[in-house]
Every structure is written in structure tokens, then in C-alpha cells.
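Chemist: Structure in C-alpha cells, see below.
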There are 2 protein chains.
Amino acid sequence: MDNFTYHNPVKIVFGKGSIAEISKLIDPNAKILMTFGGGSIKKNGVYDQVKRALAGRTMLEFGGIPANPEYDSLMEAVAIGRKEKIDVLLSVGGGSVLDGTKFIAVAIPWRGADPWDIVVSGKPAEDAIPIGCVLTLPATGSEMNCFAVISRASRKEKRAFSNPHVYPRFSVLDPETTFTLPPRQVANGIVDAFAHVMEQYMTFPQAAPLQDRQAEAILRTLIEIGPKTLAEPRDYDARASLVWCATQALNGLIGCGVAQDWATHMIGHELTALHGIDHAQSLAVVLPAILRHQKARKREKLSQFGRRVWGIEGGDADSLADQAIEKTEAFFRSLGVKTKLSEYGIPASAAQAVSAKLDARDAKLGEHEAIRGPQVAEILRICA
Amino acid sequence: MDNFTYHNPVKIVFGKGSIAEISKLIDPNAKILMTFGGGSIKKNGVYDQVKRALAGRTMLEFGGIPANPEYDSLMEAVAIGRKEKIDVLLSVGGGSVLDGTKFIAVAIPWRGADPWDIVVSGKPAEDAIPIGCVLTLPATGSEMNCFAVISRASRKEKRAFSNPHVYPRFSVLDPETTFTLPPRQVANGIVDAFAHVMEQYMTFPQAAPLQDRQAEAILRTLIEIGPKTLAEPRDYDARASLVWCATQALNGLIGCGVAQDWATHMIGHELTALHGIDHAQSLAVVLPAILRHQKARKREKLSQFGRRVWGIEGGDADSLADQAIEKTEAFFRSLGVKTKLSEYGIPASAAQAVSAKLDARDAKLGEHEAIRGPQVAEILRICA
């Protein structure tokens, strides 16, 4: 086990009716900027619940943050936040709204010339406006971490940043707010959470048996309750478990003391930037292909995953690994998420384009930093 | 799944050589009161590591905090803390030192007449001196929670309190500092962590499949690495896993959204207060007896525990439950921790004495609050 630091200060308020709690979580005198997405919160009652909880407060609104939150749009919110001297940001929506809000939070006090540097420079911002979160979509885990992924369409870029100042002060998770999500978004959320666990778990044996079993706990629960919550969206308990799995999948805990992969996400981000497919769709395509391409390096862990997560009995390590990959891909497909580039209308030439983009950034992906441009192209040919 | 709030702000710094980090974790101008126990930290090098990390700082020392930290002794530290206007407490030792330090932290600013009220009144203290922790014994989980258990020998009392102000600001966990622990303390730590998980997990099905599996992850890891780390105390990876299991066993995570038991601890505390047996010894005695006494109410969960944790195959729920209890008791015994009162020289009359003490406090124990005085006596007869 490697040395590690774990510090996750997010207060999670979880359960039915919990949006009312935000009145106690935000200073009564704070000037609030509420951020949200395309307006679904106005249809499902969440907007009204938030307004009721914060009746009488000084609150501005910034709506329209899209999936793959867009730099140009977020900069408009930054301008409002600066002009209005906002004290706190309240993100109401899914992971995209929250990721965008994290960028707004660091960009408002940022003194550098170009705020895009926050995302690409690797130099951490030293301050941020405090963030509160009302989550309405279980998927990214952003509600309990300090990561965000921001897109810039004009440059066809989609990039992640990390900053300890953007942990939400609180995240309110009411599973009932997710009952009206379209099946595609629920399925995407299941795949996203599953992939987050795999990025931290599916590497090589690292003498971290508790972290392994904590990861397997999330994977097995997703396999158990994923199809159920898709079929019965108003089953509270199944949906609550999905919400909690998605949060636990990327709050840092299962990654303590172990080397991690993240190649699937890095390649997936490029596919989304270039071709506009959903984030989770990109993961469902790339993850099985990476597992096949890296089978030799990941064989021991794949075999453990086959036995413990998929319950496969017997067979040698190689056969266990093959079966585990097949079951993973079949699981994604059973949720209605396709796993081949061609099924999304993405041409075979994408392999070379993505490979070239990552090569231009000198990307060295995976837990061994062994996936470079040529390997990226090979991986994308596997899932063509 | 029940509604819940989860907020654990402790910064964990984990791994070899991590004590040196405390120089960065404590304000250079802070006046520190370092607390410790019977002096083992002076033999195993931890005291020197702390002094080296904090060379040049203003630091007073308060040693001699015993296992089952004692009110009268802790009040001496409170007097020092008040007189010297201490800014921060640094607990260096195991869970007893840290629990005692948590009491000192709330007692220093406490304005009530009798500081014992902090423990028994149920009225939360509203302030505390900040606490840092260097942990040298994996067992109680106190390093990542806001609980403490304090004893008062003159009244034969041992009582728990909880206060959000006593979360350590940081806890430094270097598994190497535990290499020289006596086997009895290591075995006790394994039993303590196991029992902490059982108190939160072994109840009834509560539609919380992730929490169940997170609990089972800790139990299985303890079963796997417990005997190994007892046999090979200098195997870093096994010891690191024990340390991390003990922390995860009582940091609030696996108890999110579920009703909990804690009858084993409440009865065990009385046995320790009256008869002086180690905390973990009391748990090893009481837990199997409670499982036998409450088998009907816990049958479904016992059967799941038998299948998933102990790998028992086949058999009906009743037989699975019986086998699971037997395996649990045998596990404790395999670690060298006895499971009968008589083996510790405690007379059969203890059943009535403990029952009377809990009855006098009108205690209603267990997840159903169904264990009252008469049931306590029955339970203690089972483990006579």
C-alpha cells in the first residue's frame, strides 16, 4: 500500500425531503448565485423546493449550463459573480452543472490573465467562492470530490482539473429528485459510476485488500440495483442506493494508497470533445477495449474481478479475464448503452484523430503510463 | 434506507514516515499540549519522531493517560490546558489517549459546574480546543470520529460521548509505529474493529446494499489479515491494512442510513467498569452471546453474514446463523482473545450486577431497544 492523504470535508445531507435543509446550510446574509442547467429543475419541482427553502434570501440565478459545461458560457456567470460580489454559489442539477459551478467558483477570484489556465496550466487556483450543491443526477460523484471537467467547444477541448478549494461545503442528495430522469441519463449514470470504480480498482495487485473490497462492494451493488432502478424509477430504495454508489465511486476513498488508471476517461473525453457523444457512452466504448488491450498487465486483477464481482467460478486466469470483460460489456449493453464507436456513427478515422490529440499533449496514460499515441489508436480500433 | 447526514472532516495522513508531516499540520505559533499514555512512545521512537518534527515549537507534555482514560487524571490536564492557555492538543498514542484528549479538549472551554456532565448529561459542549492525533494502535477508530469513552473509577462508570467539535483536525497513521505492540493489543484491536462493524451491520435488512457490502469488506479483510499481522508484526502491508480497517470500521460511513445496535458495547463497558477486563475482551465475550440471544431478530442478517463473510454454503437460515456465530467466536479465540466471563475470572453474579446498573439508567439497548435489564442478565448467562 502506498502512502496517502485522505481529506474529504463535504457534508452530505441525504434523503427524502432534504432540500429543505439548505436553509440551515447557507448563511442567511450570504448573496447567493444559483446555477442550473437546461431547465429540468423547473419541471420536476426541484427549482420550487430550492426557492421555498431560501425564501427571503438574496439570490441571483444563472441557468443554461449544458452537459459538458462550456467555458464561454461559464465565463458569463463569472462576470455576474464578480459584478454582483456573490458570496456563495448554489449548484442545482447534475454533475455538469456542478463541474461548471466549480470552475465559476475558482474563476471569480482568479487574477491570472486567462481563466482557461485554471483548467490546463496545472497551477492550482488559491481561492474559490464557497459552493453548495443540490444534486439531481447520480453519476459523476462531483458532489463529494474536488474534480471538475470543463469543455471549450471553440478548441474542441474537454479537460479535467482538481482543486481542494472546490469541494462543495455541502451536497444535498434527495433520491426522489431523480425519479423523473430519462432512462438514458440513469443508464449513463450507472455506467459512469461503474467506470469510476474501475479506473481506481482495475490495475494490478497492490496489497490493498480493503480498498479492493470497497471497490467491489460498489461494483456489485451497481450490478444488482442498476437494472432494477432503470426498470422501476420510483423504487426509492433502489434509486437511493444508486445515488449513494455514484457518490462513493469517486469520493477518493477507494483510491487511497493505490496507483490508478484513468486512461478510459482521458480517451473518452477526447471522443466527446471531437464527436459529441455522452460522457458515459464514451466510457462504455473505451473501457472494454482498454481491458482487452491491457489484458496481460491487468490479468490478475481481471481474474479477481471475474471471481468476486461477476461470480465466475473455475477457469484459468486468462479465461476468467475474458469472461469478466465480456460480462462488463454485456452489462453496459443491457442498460441500453452501446459499446462500439460505429454504433454512435463515429468513423474508424477517430482512432487516429484521438491518438494524435493525446500525443500532441504528450499523454502517458494508464497505471503504468504505458498507453501512448500508438496504443490509443490500437484501443480505438478494438472498439470500432 | 433512512435519511442521514455524513460529514467527516478529519484529514488522514497515512503511511511510512508520515509523523514528519505534523510540522506542516500545526500552526507554527500554536502553543501545544502533547498528551500520551504510559510511556511506550518513548521506547518505540514515536516520542522522538514527534519532538523532531516539532523542534522549536512551544510544547508542553501530559503523559500517563491510562487505558480506559480516567476522569480524575484527565482533569489534571484540563487544569494545565486552562492555566497555560493551550491552543492545540496533540494526542500521541492509541484510542484511549485520544479519547481522553477529546475529553480534555471540550472540558478546557467548558463553563458548566461539573465537567462530568459533558459525558453524562447528553447536552453537547459548544466548543473545543483543536485536536491533532498521531495514532500508534489500530483499534478504536477514534482517529476518524467524534466519539470518546471516558471512565470514572470512583463511581465505577465508563461512558461514551459524542461531539462534532472533537473530530481530530488531522490524524497521522504510520503503521510502522505499531510493529512493537504486544500481541494482546494487536488481537484486541482486531476484535474491537470487528465488533464496531458488527454493531452497525448486524441488525436486520434495511435496503442499504452498499453499506452492507462496505461492512462486509472490512470484516472479510480483518479475517484475512488479522491472523497474518499477529504472526508477522513487521509485515508492513498486512499491518497497514489492519490500521486502515480499524479506521474505516468506525468513521460513520458504514452506518449511514441504517439503524444500529451497540448493545455489545454498552454491556461491555459495564463489564470493564466493574471488573477491569480489556475493552476488546468484553466485546469478545458479549458479542457472540448477543448474537445467540437475538438470533431470531437478526436471523436474516446472520444468514447473509454467514454466506458472504464466512463463505458458508448451503443450509437453511437458522443453520447458517448458528454456524456464523460459531465461526465468529472461533475467530476471536484463534486470535487469543477468550470469550467466556469465567475465563477472565468474572463470577456468574456479574450478570445481575451489570443488568441492575443498566436498568438503573433505564437503558434500552439494541436496534429494537428491546434489550432491557432482564435480557442483559440472560445474555451474560449465555457467556458465563
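Chemist: For chain B, which longest stretch is free of loop sites, where a loop site is one of the GluC sites (Glu not before Pro) that DSSP puts outside H, G, I, E and B and that has at most 13 other Cβ atoms within 10 Å?
Modeler: Numbers: sites that count: B:GLU126, B:GLU313, B:GLU369.
Within chain B, the longest run free of exposed GluC sites (Glu not before Pro) spans B:127-312.
Chemist: Treat region A:11-177 as a sphere of radius equal to its Kirkwood radius over Cα pairs and apply Stokes-Einstein at 25 °C in a medium of 0.890 mPa s; give the translational diffusion coefficient in µm²/s, rounded to a whole number.
Modeler: Details: Rh = 15.6 Å.
For the chosen part, D equals 157 µm²/s.
Chemist: Report the net charge of residues surrounding B:ALA350, where surrounding means a beta-carbon distance below 12 angstrom and charges are Lys +1, Arg +1, Asp -1, Glu -1. The partial results should precede the final answer.
Modeler: On the way: positive: B:LYS340, B:LYS357, B:ARG381; negative: B:GLU270.
Once all neighbours under 12 Å are counted, the net charge is +2.
Chemist: Taking 0.36 nm per residue of separation and subtracting the Cα-Cα distance, what length does fully extending B:ARG52 through B:LYS156 add?
Modeler: That works out to 33.5 nm of additional length.
Chemist: OK, next. Report, in listed order, any pair from B:LYS158/B:LYS364; A:LYS16/B:LYS301; B:LYS228/B:LYS295; A:LYS16/A:LYS42 with a Cα-Cα distance greater than 21 Å.
Modeler: On the way: B:LYS158/B:LYS364 17 Å; A:LYS16/B:LYS301 25 Å; B:LYS228/B:LYS295 30 Å; A:LYS16/A:LYS42 18 Å.
The answer is A:LYS16/B:LYS301; B:LYS228/B:LYS295.
Chemist: Turning to a different aspect of this structure: List the trypsin sites (Lys or Arg not before Pro) within region B:165-268 that fall in a DSSP loop (any state other than H, G, I, E or B) and whose Cβ has at most 16 other Cβ atoms within 10 Å.
Modeler: Values: sites: B:ARG169, B:ARG184, B:ARG213, B:ARG220, B:LYS228, B:ARG234, B:ARG239; in loops: B:ARG169, B:ARG234.
In loop regions of region B:165-268 (DSSP not H, G, I, E or B), the sparsely surrounded trypsin sites (Lys or Arg not before Pro) are B:ARG169, B:ARG234.
Chemist: Membrane-span-like helices in chain B: DSSP H runs reaching 30 Å or more (Cα, own axis), mean Kyte hydropathy at least -0.5? Let's see the in-between values first.
Modeler: Numbers: long enough: B:209-231 (34 Å, -0.06).
Answer set is B:209-231.
Chemist: As a test, work out the antiparallel percent of DSSP beta bridges whose residues both lie in region A:11-177, rounded to the nearest 5. List each step's numbers first, then the result.
Modeler: Values: 6 of 29 bridges.
Within region A:11-177, antiparallel bridges account for around 20 percent of the total.
Chemist: Okay, moving on. How large is the direction-averaged shadow of the alpha-carbon convex hull of region B:102-260, in nm²?
Modeler: Working: hull surface 41.9 nm².
One quarter of the hull surface, i.e. the mean projection, equals 10.5 nm².
Chemist: Could you tally the net charge around B:SER154, taking each other residue with its Cβ under 13 Å from the Cβ of B:SER154, Lys/Arg +1 and Asp/Glu -1? Kindly include the intermediate steps, with their values, before the conclusion.
Modeler: Working: positive: B:ARG152, B:ARG155, B:LYS156, B:LYS158; negative: B:GLU70, B:ASP72, B:GLU157.
Here the charged neighbours net out to +1.
Chemist: Rounded to two decimals, what is the ratio between the C-alpha radius of gyration of region A:33-80 and 2.2 N^0.38 Å? List each step's numbers first, then the result.
Modeler: Working: Rg = 11.7 Å, N = 48, 2.2 N^0.38 = 9.6 Å.
My calculation over the Cα atoms of region A:33-80 gives 1.22.
Chemist: Let me ask you something else. Between copies, how far apart are the A:ARG82 label points? List them in nm, one decimal, shortest first, with each point 7 Å from Cα toward Cβ, please?
Modeler: 5.3
Chemist: Now, a different point. Give me B:CYS245, A:CYS383 sorted ascending by neighbouring Cβ count inside 10 Å, so fewest comes first. It would help to have the intermediate numbers written out before the result.
Modeler: Numbers: B:CYS245 29, A:CYS383 24.
So the ranking, lowest neighbour count to highest, is A:CYS383, B:CYS245.
Chemist: Under a point spin-label approximation (7 Å from Cα along Cα-to-Cβ), what is the A:SER23-B:LYS85 distance to one decimal in nm?
Modeler: For A:SER23 paired with B:LYS85, the spin-label model returns 4.2 nm.
Chemist: Percent antiparallel among DSSP beta bridges with both residues in chain A, to the nearest 5? Intermediate results must be reported in sequence, preceding the final value.
Modeler: Details: 7 of 30 bridges.
In chain A, DSSP labels about 25 percent of beta bridges as antiparallel.
Chemist: Let me ask you something else. So what is the orientation-averaged projected area of region B:126-170, using the convex hull of its C-alpha atoms, in nm²? List each step's numbers first, then the result.
Modeler: On the way: hull surface 15.9 nm².
The Cα convex hull of region B:126-170, projected and averaged over all directions, gives 4.0 nm².
Chemist: I would also like to ask the following. If you look at just the Cα atoms of the protein assembly as shown, how large are its Rg and its Dmax in Å?
Modeler: Gyration radius and largest Cα-Cα distance of the protein assembly as shown: 26.7, 82 Å.
Chemist: Something else about it: I need the inter-copy label distances for B:GLN260: point set 7 Å along Cα to C-beta, values in nm with one decimal, smallest first.
Modeler: 2.8
Chemist: Put a point 7 Å out from Cα along the line to Cβ at A:LYS42; what are the distances to that point in the other copies, in nm, shortest first?
Modeler: 7.2
Chemist: In nm, give the distance between the simple-model label positions of B:ARG333 and B:GLU126, each being 7 Å from the Cα along the Cα-to-Cβ direction.
Modeler: Between B:ARG333 and B:GLU126, the simple spin-label model gives 5.4 nm.
Chemist: Report the label-to-label distance for A:GLU326 and A:ALA30 in nanometres (one decimal), using points 7 Å from each Cα along the Cα→Cβ vector.
Modeler: Result for the modelled spin labels: 5.2 nm.
Chemist: Given only helices, namely DSSP H runs of n ≥ 4 each adding -39500 (n - 2.57), what is the per-residue ellipticity at 222 nm of chain B, to the nearest 500 deg cm²/dmol? List each step's numbers first, then the result.
Modeler: On the way: 15 runs with 184 residues, N = 384.
For chain B, the value works out to -15000 deg cm²/dmol.
Chemist: Per the Kirkwood definition applied to all pairs of different Cα atoms, how many angstroms is the hydrodynamic radius of region B:182-382? Walk me through the numbers before you get to the answer.
Modeler: On the way: mean 1/r = 0.0588 Å⁻¹.
Across region B:182-382, the inverse of the average 1/r is 17.0 Å.
Chemist: As a test of understanding, state the convex hull volume per residue of chain B from its alpha carbons, in Å³.
Modeler: On the way: hull volume 49.1 nm³, N = 384.
Expressed per residue, the convex hull around the Cα atoms of chain B is 128 Å³.
No value in this document is a laboratory result; all are computed from the given coordinates. These numbers come from a predicted model, not from an experiment. Cβ coordinates were reconstructed from backbone atoms using ideal geometry, including for glycine residues, and neighbour counts include every protein chain displayed.
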